[in-house]
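Trainee: Before we start, here is the structure in question, set down as structure tokens.
The values are calculated or read from the model by the stated rules, or taken from the named source; none is laboratory data. Just so you know, these numbers come straight off a predicted model, no measurement behind them. FYI the Cβ positions are ideal-geometry reconstructions off the backbone, even for glycines, and counts take in every protein chain you see.
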Amino acid sequence: MDLTLKIWRQKKEYEKGAMHAYQIKNIEPDMSFLEMLDVLNQKLINDGVEPVAFDHDCREGICGACSLVINGAPHGPDSGTTTCQLHMRRFNTGDTIYIEPFRGSAFPVIKDLVVDRSAFDRIQQAGGYVSINTSGNTVDANATPIPKPDADEAFNSAACIGCGACVAACKNSSAMLFVGAKVSQYANLPQGKVESKDRVINMVKQMDKEGFGSCTNTGACEAHCPKEISTDNILTLNREYIKSKLNQ
Ligand code: SF4
Ligand code: FES
């Protein structure tokens with residue numbers, strides 16, 4: 001496949017960036033999107049041009065690092081798929097592909113396609129820890145019976161990989177889906193009840209401090225989430241928040 005890539009290049013934070021066009025040839029349809037960028041970068045290095053900076057780690061859909069907006073969609077055209085799991089067979093030879101970083105004022109661009117998502121880390125830190133001992137003196141799983149639907153719900157919420165596509169997809173740059181998933185994964189389990197009040201209040205406070213916007217129920221977050229996290233998590237977040245505020 002021969003492609004034209006239009007890529008956001010930006011030297012550093014707060015510096016003006018621009019889209020740059022690159023031609024690339026002989027891309028195999030079975031290459032992943034990131035492998036295609038590796039090929040481009042090798043070519044740029046050979047040509048004496050600075051390679052494109054982009055984030056990646058696991059390349060198997062579990063770390064959430066590969067934060068690219070591809071043709072206007074966070075993580076590209078396939079639903080339930082991270083950028084690293086997207087394959088070039090999804091495109092046609094002759095295509096022009098637009099590649100940009102995740103956008104959001106709480107996610108400043110560090111360089112080219114790499115954004116600073118440490119705001120998410122600070123929100124999780126604000127949530128604190130679970131005081132119930134879950135290691136060292138491991139008890140039998142059945143010692144704390146949990147209804148299967150609750151366990152399933154908690155598991156689905158815990159599937160969030162913290163990628164930030166929900167923020168990039170949202171016209172308000174809201175982080176409600178991410179925070180909703182992180183609150184719900186504990187709220188649905190007895191082990192998470194002990195600190196539940198402080199957790200939700202502190203996480204929402206930090207979310208607001210970081211500058212994320214509010215949710216206006218457009219559903220763009222769920223549509224672009226590579227782990228298909230449901231907006232039901234936002235309902236749980238709101239319920240937990242109101243409950244905790246009333247009991248303060
Ligand atoms: S909710 Fe989905 S889109 Fe948002 S951070 Fe988690 S996995 Fe990524
Ligand atoms: S590189 Fe880890 S999820 Fe894509």
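Trainee: List the pairs whose first member sits in the stretch 150-177 and is farther than 15 Å from Phe107 by Cβ, whose second member is among the hydroxyl-bearing types (Ser, Thr, Tyr) and within 16 Å of ligand 2 (Cβ to nearest atom), and whose Cβ atoms are under 9 Å apart, counting only residues at least 6 apart or on separate chains?
Mentor: Ile161/Thr82
Trainee: Got a sec? Which of Glu13, Glu60 is on the phi < 0 side of the Ramachandran plot, within 14 Å of ligand 2 (Cβ to nearest atom) and surrounded by fewer than 18 Cβ atoms within 10 Å (Cβ to Cβ)? Explain how you work it out, then say what you get.
Mentor: Details: Glu13 fails: within 14 Å of ligand 2 (Cβ to nearest atom).
Among Glu13, Glu60, only Glu60 is on the phi < 0 side of the Ramachandran plot, within 14 Å of ligand 2 (Cβ to nearest atom) and surrounded by fewer than 18 Cβ atoms within 10 Å (Cβ to Cβ).
Trainee: Answer yes if at least one residue in the stretch 19-37 is modelled with pLDDT under 95 and either away from ligand 1 (no atom under 16 Å from the Cβ) or in a loop (DSSP other than H, G, I, E, B) (or both), and no otherwise.
Mentor: Going residue by residue through the stretch 19-37, those that are modelled with pLDDT under 95 are none.
No - not one qualifying residue is present in the stretch 19-37.
Trainee: Something else now. Please tell me if Glu195 is acidic (Asp, Glu) and out of contact with any Gly (no Cβ under 9 Å at 6 or more places or on another chain). Full working, then the answer.
Mentor: Values: acidic (Asp, Glu): yes; out of contact with any Gly (no Cβ under 9 Å at 6 or more places or on another chain): no.
Answer is no for this residue.
Trainee: Right, another one. Which condition number in (1) within 16 Å of ligand 2 (Cβ to nearest atom); (2) surrounded by 15 or more Cβ atoms within 10 Å (Cβ to Cβ) is the one that Tyr22 fails?
Mentor: (1)
Trainee: Could you tell me which numbered condition Thr236 fails, if it satisfies all but one of (1) in contact with a Cys (Cβ under 8 Å, 6 or more places away or on another chain); (2) away from ligand 2 (no atom under 16 Å from the Cβ); (3) among the β-branched types (Val, Ile, Thr)?
Mentor: All conditions pass for Thr236, except number (1).
Trainee: Any idea how many residues of the stretch 148-206 are in a helix (DSSP H, G or I), within 11 Å of ligand 1 (Cβ to nearest atom) and buried (at least 22 other Cβ atoms within 10 Å of the Cβ)?
Mentor: Final tally of qualifying residues: 14.
Trainee: From the list Thr138, Thr144, Thr134, exactly one residue is away from ligand 2 (no atom under 16 Å from the Cβ) and either touching a Pro at 6+ places or on another chain (Cβ under 7 Å) or not assigned by TED's automatic domain parsing to the domain that holds Lys205 (or both). Which is it? Spell out the reasoning first.
Mentor: On the way: Thr138 fails: either touching a Pro at 6+ places or on another chain (Cβ under 7 Å) or not assigned by TED's automatic domain parsing to the domain that holds Lys205 (or both); Thr134 fails: either touching a Pro at 6+ places or on another chain (Cβ under 7 Å) or not assigned by TED's automatic domain parsing to the domain that holds Lys205 (or both).
After ruling out the rest, the residue left standing is Thr144.
Trainee: Within the stretch 64-96, track down each residue that is more than 12 Å from Lys227 (Cβ to Cβ) and near ligand 2 (Cβ under 9 Å from one of its atoms).
Mentor: Keep residues of the stretch 64-96 that are more than 12 Å from Lys227 (Cβ to Cβ), which gives 65-74, 76-78, 83-84, 86-96.
Ala65, Cys66, Ser67, Thr83, Cys84 - these are the residues of the stretch 64-96 that are more than 12 Å from Lys227 (Cβ to Cβ) and near ligand 2 (Cβ under 9 Å from one of its atoms).
Trainee: Here is a further query. Grab the strands (runs of 3 or more DSSP E) fully contained in the stretch 48-124, keeping just those with 2 or more residues being of a type outside the set (Gly, Ala, Ser), farther than 28 Å from Leu237 by Cα and more than 15 Å from ligand 1 (Cβ to nearest atom). Steps first, please.
Mentor: Working: elements: 68-70, 96-101, 109-111.
Those strands (runs of 3 or more DSSP E) span 96-101, 109-111.
Trainee: If Arg117 meets every condition in (1) basic (Lys, Arg); (2) surrounded by fewer than 19 Cβ atoms within 10 Å (Cβ to Cβ); (3) closer than 28 Å to Ser230 by Cα apart from one, which number is that one?
Mentor: Status for Arg117: all satisfied but (2).
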